[in-house]
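I have placed the structure first, in the form of structure tokens, so that the comments after it can refer back to it.
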């Protein structure tokens, strides 16, 4: 087999910089997606039909179309309509954040509806305002139930982040292809980056289990 990993050694620092470049937009995207997804989840359980219809329609659009299509529309099509050149970083955040919010909204909605209805009825009987009831009573319990699903979404987002290389963002995947084009060898840099992704997912999985265990013992 014609393999020579020594040829990528000079480019390892360049590739490793892609870890922060990747995590930077993934973290911002997941925060954006969580906040928007929470708002959408509250709309879905709202008694206002317009809000519920909008949230369901939003979720249907972003879950029913490929993420790479959404990224391409934001990066290539939106500037055509607005005349504003959007950066690759902002395009990645918007595409991943908007897409993630659709999935997060379903996760949070399911978590809220899984909380015993008796607690909601008791809070309403005591005259506790809806906002305080959701913030102090319902949401903390829902978050404990949905934490594994949220971590899976974070992990999926980290792996799917590789598609931002298609718009030229210098993430891990893009840096691997750049190195491959310079040394005319693709197997070595791609395998190296694959190991980095694998290590990142392992770390995130362990962190998720640690947080889940601590929340469980805090009951």
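Measuring between their Cα centroids, region 160-219 and region 31-90 lie 24 Å from each other. For helix 139-160, report the angle its Cα long axis makes with the longest principal axis of the Cα atoms of the chain; keep it between 0 and 90° and round to the nearest 10°. In the chain, helix 139-160 runs at an angle near 20 degrees to the longest axis. The angle between the Cα long axis of helix 88-114 and the main principal axis of the chain comes to about 30°, on a 0 to 90 degree scale. Along the Cα-to-C-beta direction of residue 184, a point sits 7 Å from the Cα; which residues of region 1-16 have their amide N less than 16 Å from that point? Within reach of a label on residue 184, which here means backbone N under 16 Å from a point 7 Å along Cα→Cβ, region 1-16 contributes 2-4, 7-8. When the P(r) of region 145-219 is calculated, the portion above 16 Å amounts to 58% of the C-alpha pairs. In the chain, the longest principal axis of the Cα atoms and the axis of helix 49-64 are about 20 degrees apart. Subtracting the Cα-Cα distance of residue 143 and residue 24 from their residue separation scaled by 0.36 nm leaves 40.5 nm. Highest mean packing comes first when the peptides 97-107, 163-173 are listed by Cβ atoms within 10 Å, giving 97-107, 163-173. Which value at 222 nm does the chain reach when only helices count, each DSSP H run of 4 or more adding -39,500 (n - 2.57), with the total divided by all residues and rounded to the nearest 500 deg cm²/dmol? It lands at -25000 deg cm²/dmol. Relative contact order of the chain, taken over Cα pairs closer than 8 Å and 6 or more residues apart, is 28 percent. When every alpha-carbon pair in the chain is counted, what percent end up more than 20 Å apart? Beyond 20 Å sits 66 percent of the P(r) for the chain. Label points 7 Å out from Cα along the Cβ direction at residue 50 and residue 119: separation in nm? My value for the distance between the label points is 3.2 nm. Sorting 35, 28 from the fewest to the most surrounding beta carbons within 10 angstrom yields 35, 28. Each label point was placed 7 Å from the Cα along the Cα-to-Cβ direction; for residue 81 and residue 63 their separation is 2.3 nm.
Laboratory data are not the source of any read-out in this text; all were calculated from the coordinates shown. Here the structure is a predicted model, which means the values were calculated and not measured. Glycine also receives a Cβ, built like all others from the backbone with ideal geometry; neighbour counts cover every protein chain displayed.
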